[in-house]
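Shown next, in structure tokens, is the structure this report addresses.
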Amino acid sequence: MIQKPKGTYDVYGEKGTALLEIEKLMKVLMENYGYEYVRTPIFEASELFHRGVGETSDIVTKETYDFKDRGDRNMTLRPEGTAGVVRSYIENKRYAEAKQPIKTWYYGTMYRYERPQSGRYRELSQFGVEVFGSTDPILDAEVISIPVHFYQLLGLKGIKVKMNSLGDKESREAYRNALLDYFKPYVDSLCEDCKARYEKNPLRILDCKVDHDKECMKHAPKMTDFLNEESKEHFRKVQEYLNYLEIPFEVDPNIVRGLDYYTHTVFEVEADIEGFGSNNVLCGGGRYDHLIEQLDGPATPGVGFAMGIERLLIALDLEGIHFHEEGLDCYVVPMDEEYKKEAFSMTNALRMSGFKSDMDPMNRNLKSNFKQADYRNAHFIMLVGEEEIKGEFVTIKDNHTKEESKVKINEIVDFLDECLERCEDHED
Ligand code: ATP
Ligand code: MG
């Protein structure tokens, strides 16, 4: 038997319902925030990720799916969404559009060659936003507020926002030098990756999952002590705006994020739920004021986040938040094989009038049909037989009230509408 590739999963049943519900909510949320949808290719030139995500990030050094296409080009399955969205922003000269800033959102699968475990897959789905064209800290706060609001809408309670500032170029440079001095005597005791990071991007040592608990990590200089006045002011304003929105957050100097491109605000939203395990970061993001230049665009600031949908599903499950498939409005039953055509056309008419409908395609007897209608959670069963065809009516059985009615063919829509409305009023 052929099995699915390691680190991937199939979606069906309740998980499918949950995913579609999450996607629906995503769309409504982003409409409310005034963001536009963008879609970029699942594969891009490898160089985009090397230059965009950064040569020292785990994503690029260890996790990409690289391949050569038949034209001998180096391609990579996208490991994250930002690089592609930025490329598209530059390539389509969106910086020249009249409406600014450009606020976009995306949703799609990403590919990372990781060791599969709970909350860590090789094909993963991310929902994210990218905002281009403004350095205003109000946008950092807005971008942080979106996932918080989204989780709230879904009913998720156990979340924690942690953030930090990496400052502007000058502050980062000062901090980098302080880290080089500080870690100098410890370099030999750090993991191989960190030895390389020490040379290329010492900030990322703080993000190391291997050296995380070492004593020297605890006393490392803190970024917040190296922020210049401008960077401090930016960070202060982000916090002030979040306070205005009454969004609780924690400043955590250890948040540096795994990607090389961040400046100023970086943040993570953690699942604070018992039993979640160690892969508990639901969402991460921040400001990247030099990435667009780095990818050959005009100097343009940006800020965004990406959230993992698989980890969100785990969180919802742990908090007992479930999504059930809605049942059918109507299950149509031909009383005999010879009325199958009429039942089919009736089912079709119901569907076109907006009723969720299906029929028995397999000539089952009445008893098994009623069972199928139950499995499908059908509100009504519609019987189509000889008597019905002759008299131009159908028999409709209401599974909720157990009432049976004879309804004229041309009155079916009104009848069903009325019953469903009454039922909704009752539920309210
Ligand atoms: P981690 O530190 O857990 O590896 P990351 O820093 O690599 O996460 P990002 O690149 O910021 O994660 O991606 C944003 C979000 O996407 C993460 O917070 C997480 O929810 C999700 N995510 C990242 N990698 C995976 C994966 N392999 N499987 C499932 N979800 C993932
Ligand atoms: Mg990772």
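Net charge near Lys6, counting Lys/Arg +1 and Asp/Glu -1 over other residues with Cβ under 13 Å of its Cβ? Here the charged neighbours net out to +3.
Here is the list for segment 302-403: GluC sites (Glu not before Pro) lying in DSSP coil, each with at most 10 other C-beta atoms within 10 angstrom of its C-beta, are Glu326, Glu392, Glu403. Computed with the Debye formula from one identical point scatterer per Cα of the chain, without solvent, the log10 of I(q)/I(0) at q = 0.06, 0.11, 0.12, 0.15 Å⁻¹ comes to -0.37, -0.90, -1.00, -1.37.
Taking a 29 Å limit on the Cα-Cα distance, which of the listed pairs Lys6/Lys103; Lys27/Lys356; Lys15/Lys397; Lys6/Lys371; Lys162/Lys209 fall beyond it? Intermediate results must be reported in sequence, preceding the final value.
Details: Lys6/Lys103 35 Å; Lys27/Lys356 23 Å; Lys15/Lys397 31 Å; Lys6/Lys371 38 Å; Lys162/Lys209 18 Å.
Cα-Cα > 29 Å for Lys6/Lys103; Lys15/Lys397; Lys6/Lys371; rest within.
Solvent-accessible area of the chain (1.4 angstrom probe, protein heavy atoms only): carbon and sulfur portion equals 49 percent. Distance between the modelled labels on Asp272 and Gln294, one decimal in nanometres: 3.1 nm (7 Å Cα→Cβ projection). Modelled label positions at Lys195 and Asp414, each set 7 Å beyond Cα in the direction of Cβ, lie 8.4 nm from each other.
Could you report the chain's accessible area per residue, 1.4 Å probe, as an integer in Å²?
53 Å²
Calculate, in whole percent, how much of the Cα-Cα pair population of segment 284-326 lies beyond 13 Å. Counting every Cα pair in segment 284-326, those more than 13 Å apart make up 67 percent. A Förster radius of 60 Å, combined with the Cβ-Cβ distance separating Met362 from Lys222, puts the computed FRET efficiency at roughly 0.30. Placing R0 at 60 angstrom, the Cβ-Cβ distance between Glu36 and Leu180 gives a FRET efficiency of 0.90 after rounding to 0.05.
With an 8 Å cut-off on Cα pairs and a minimum separation of 6 or more residues, tell me the relative contact order of the chain in percent. Each step should come with its number before you reach the end.
Numbers: 701 pairs, mean separation 63.9, N = 428.
Relative contact order here is 15 percent.
In plain terms, the chain from Asp72 to Glu55 could stretch by 3.9 nm, reckoned as 0.36 nm per residue minus the Cα-Cα distance.
Extension gain for the segment Lys157 to Gln100, taken as residue separation times 0.36 nm less the Cα-Cα distance, is 17.1 nm to one decimal.
Each residue of segment 274-286 was assigned a 3J(HN,Hα) from its phi angle through the Karplus curve 6.51 cos²θ - 1.76 cosθ + 1.60 (θ = phi - 60°); the sequence is 4, x, 6, x, 7, 7, 9, 8, 7, 7, x, x, x Hz, with glycine and proline shown as x. Shape analysis of segment 277-376 places it in the prolate category; the axes a ≥ b ≥ c from the Cα gyration tensor give an a/c of at least 1.5, with a/b above b/c. Here segment 378-428 and segment 90-109 have alpha carbon centers that stand 50 Å from each other.
What is the ratio of the Cα radius of gyration of segment 1-156 to 2.2 N^0.38 Å, where N is its residue count, to two decimals? Show your work: numbers first, answer last.
Working: Rg = 17.2 Å, N = 156, 2.2 N^0.38 = 15.0 Å.
The value comes to 1.15.
The values are calculated or read from the model by the stated rules, or taken from the named source; none is laboratory data. None of these values were measured; they are calculated from a predicted model. Positions of Cβ are generated from backbone atoms using ideal geometry, with glycine treated the same way; all protein chains shown enter the neighbour counts. Keep in mind that these areas ignore ligands, DNA and RNA; they rest on the heavy atoms of the full protein, side chains included. Shrake-Rupley method; radii C 1.70, N 1.55, O 1.52, S 1.80 Å.
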